[in-house]
1. Kindly indicate the residue of segment B:89-100 that is under 27 Å from A:Gly40 (Cβ atoms) and surrounded by fewer than 16 Cβ atoms within 10 Å (Cβ to Cβ) and also nearest to the other protein chains (Cβ to nearest Cβ) among those meeting that condition.
2. Could you tell me how many of the residues in segment B:11-31 are at pLDDT below 95 and either β-branched (Val, Ile, Thr) or assigned to a strand (DSSP E or B) (or both)?
3. Given the structure, is A:Arg92 more than 14 Å from chain B (Cβ to nearest Cβ) and of a type in the set (D, E, K, R)?
4. Quick test of your reading of the structure: B:Val112 fulfils all but one of (1) among the β-branched types (Val, Ile, Thr); (2) free of Cβ contacts under 8 Å to residues at least 60 places away in the same chain; (3) away from chain A (no Cβ under 12 Å). Name the failing condition by number.
5. B:Gly58: within 14 Å of the chain's Cα centre (by Cα) and surrounded by 14 or more Cβ atoms within 10 Å (Cβ to Cβ), yes or no?
6. Does B:Pro83 qualify as being surrounded by fewer than 21 Cβ atoms within 10 Å (Cβ to Cβ) and within 13 Å of another protein chain (Cβ to nearest Cβ)?
7. Please go through segment B:32-43 and pick out each residue that is crowded, with 18+ Cβ neighbours inside 10 Å and at pLDDT below 90.
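The values are calculated or read from the model by the stated rules, or taken from the named source; none is laboratory data. Computed from a prediction, not measured in an experiment: that's the story for all the values here. Glycine also receives a Cβ, built like all others from the backbone with ideal geometry; neighbour counts cover every protein chain displayed.
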Amino acid sequence: GEDVEQSLFLSVREGDSSVINCTYTDSSSTYLYWYKQEPGAGLQLLTYIFSNMDMKQDQRLTVLLNKKDKHLSLRIADTQTGDSAIYFCAEREGGNQGGKLIFGQGTELSVKP
Amino acid sequence: EAQVTQNPRYLITVTGKKLTVTCSQNMNHEYMSWYRQDPGLGLRQIYYSMNVEVTDKGDVPEGYKVSRKEKRNFPLILESPSPNQTSLYFCASSPQAYRGTQYFGPGTRLLVL
């Protein structure tokens, strides 16, 4: 089946940039997502990108998509302690009509003061 | 307030005793979905629904049932729970499967003894 892979942990210093990486396998994915989960909470959609885009920027967040390598990254500029959370990458399987979402294992971001 | 609600939030039960976790959204969303979250495995989709009376299997549907008789409700049914269904469950909804913000419920922590 389709798969999404992420590294499990990332530690950065406050003020640095964080880059969280993700690889996926479904070449027909049209939408890719980044979610944030704070301790004890549900998931919050941070951003999503269409597969015909290379980059999307939203304030401190930059998403880069390399469709050839099936690689997605999330860059957080000027990382703050409030950014400490688990970040999930997800792809929507099956092209435009698909409803199935596949999540990566999540990357736990730890921001040290 | 736009929200997804789940009940109960915490549940301890015994093997084989049927249970239902309710999910309700007040945003008139077409798409609803159930996930389970387990350490090291991220979120895995159990079932999803593109609209009323339309449901489909996700990644891990075994041992679960769902129904979508009304747009706002999407209950998750465990006919005969087993200890391997001990997990944290999230319900989510979005206007359509591929578009925009997916709202998550607060989660239901289930322990099956």
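1. First, pick out the residues of segment B:89-100 that are under 27 Å from A:Gly40 (Cβ atoms): B:89-95, B:100.
The next check asks that each one be surrounded by fewer than 16 Cβ atoms within 10 Å (Cβ to Cβ); those that pass are B:95, B:100.
Values: B:Pro95: 12, B:Gly100: 8 Å.
Result: B:Gly100.
2. 1
3. Working: more than 14 Å from chain B (Cβ to nearest Cβ): no; of a type in the set (D, E, K, R): yes.
For A:Arg92, the condition - more than 14 Å from chain B (Cβ to nearest Cβ) and of a type in the set (D, E, K, R) - is not met.
4. Failed condition: (2).
5. So B:Gly58 passes the test.
6. Details: surrounded by fewer than 21 Cβ atoms within 10 Å (Cβ to Cβ): yes; within 13 Å of another protein chain (Cβ to nearest Cβ): no.
When the stated conditions are applied, B:Pro83 does not pass them.
7. The initial filter retains those residues of segment B:32-43 that are crowded, with 18+ Cβ neighbours inside 10 Å, namely B:32-37, B:42-43.
Correct list: B:Gly42, B:Leu43.
Matching residues to (1) touching a residue at least 12 places away in the same chain (Cβ under 8 Å); (2) within 14 Å of chain B (Cβ to nearest Cβ); (3) in contact with a Gly (Cβ under 6 Å, 6 or more places away or on another chain):
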site	(1), (2), (3)
A:Thr47	yes, yes, no
A:Leu65	yes, no, no
A:Asp69	yes, no, no
A:Gln80	yes, no, no
A:Lys100	no, yes, yes
A:Phe103	yes, yes, yes
A:Thr107	yes, yes, no
A:Ser110	yes, no, no
